[in-house]
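Let me begin by presenting the structure, written as structure tokens, before commenting on it.
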């Protein structure tokens, strides 16, 4: 029966909690090495919005990306470019423990966007932790290959935990759902 509620995962979540983490999500132009961030949302541990912005990308937004998040060219036309958004975002992230659902992806796209604009990435990758991996170990379902825990989509993880927040594929909503999922793990009776 799931979740298995792995006590080591609950303990790890409680250790992370001591650092008062924040949670980030991004929406992007795609998944490739050429793609960039076009929306960032950051919330605190309780889901309160700390930062939210659309970002005007240096490349067109492909239709397949629009089909996922609904962000169109006209929505970002008057938005800040990455450098301006980063000037506001960096002080918020500096020195903080940062959770993301599929942190490897968000971190890669943040760094990619930074590099695309000729900027040096200033954050330590160890500031980021992956709520998707934490949830997979908490839930305890073995992957079909049998060599790791099965990853779950954010929406499915939220639904399995009875979290009534939507997964709209918009950055702020997904950051709020990620924070709520982390809190669910942290508050689970050990």
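No value in this document is a laboratory result; all are computed from the given coordinates. Just so it is clear, the model here is predicted, and its values are computed rather than measured. Here the Cβ positions follow ideal geometry from the backbone for every residue, glycine too, while neighbour counts run over all protein chains shown.
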message: Contact order normalised by length for the chain, with contacts defined as Cα pairs under 8 Å and 6 or more residues apart; what percent is it?
response: 31
query: What order do you get for 49, 29, 178 when you list them from fewest to most C-beta neighbours inside 10 Å?
result: 49, 29, 178
query: Which of 78, 52, 39 moves the most in a Gaussian network model of the chain with Cα springs under 10 Å?
result: 78
- request: Can you tell me how much longer the chain between residue 8 and residue 124 gets when fully stretched, taken as 0.36 nm per residue apart minus their C-alpha distance, in nm with one decimal?
  value: 39.3 nm
query: When DSSP assigns beta bridges and you keep just the ones with both residues in region 7-187, what percent turn out antiparallel, to the nearest 5?
result: 70
- prompt: In whole Å, what is the distance between the alpha-carbon centres of region 73-87 and region 158-180?
  reply: 24
query: In the set [x] 22; [y] 30; [z] 25, which value of percent of Cα pairs over 29 Å apart was calculated from the structure you see?
result: [x]
- prompt: Per the helix-only calculation at 222 nm, which mean residue ellipticity applies to the chain, given -39500 (n - 2.57) for every DSSP H run of n ≥ 4 and division by its residues, nearest 500 deg cm²/dmol?
  reply: -12500 deg cm²/dmol
message: Sequence gap at least 6, Cα distance under 8 Å: using those rules, report the relative contact order of region 41-105 to the nearest whole percent.
response: 28
task: Compute the distance in nm between two label points, each set 7 Å from the Cα along the Cα-to-Cβ direction, one at residue 67 and one at residue 160.
output: 2.6
- request: Using only the Cα atoms of region 142-190, build the gyration tensor, take square roots of its eigenvalues as a ≥ b ≥ c, and label the shape rounded, prolate or oblate: rounded if a/c is under 1.5, else prolate if a/b is larger than b/c, else oblate.
  value: oblate
query: Given the options 65, 179, 13, which has the most mean-square fluctuation in a GNM of the chain, springs set between C-alpha atoms less than 10 angstrom apart?
result: 65
statement: Within the set 59, 22, 172, GNM on the chain using Cα springs under 10 Å gives the largest fluctuation to 59
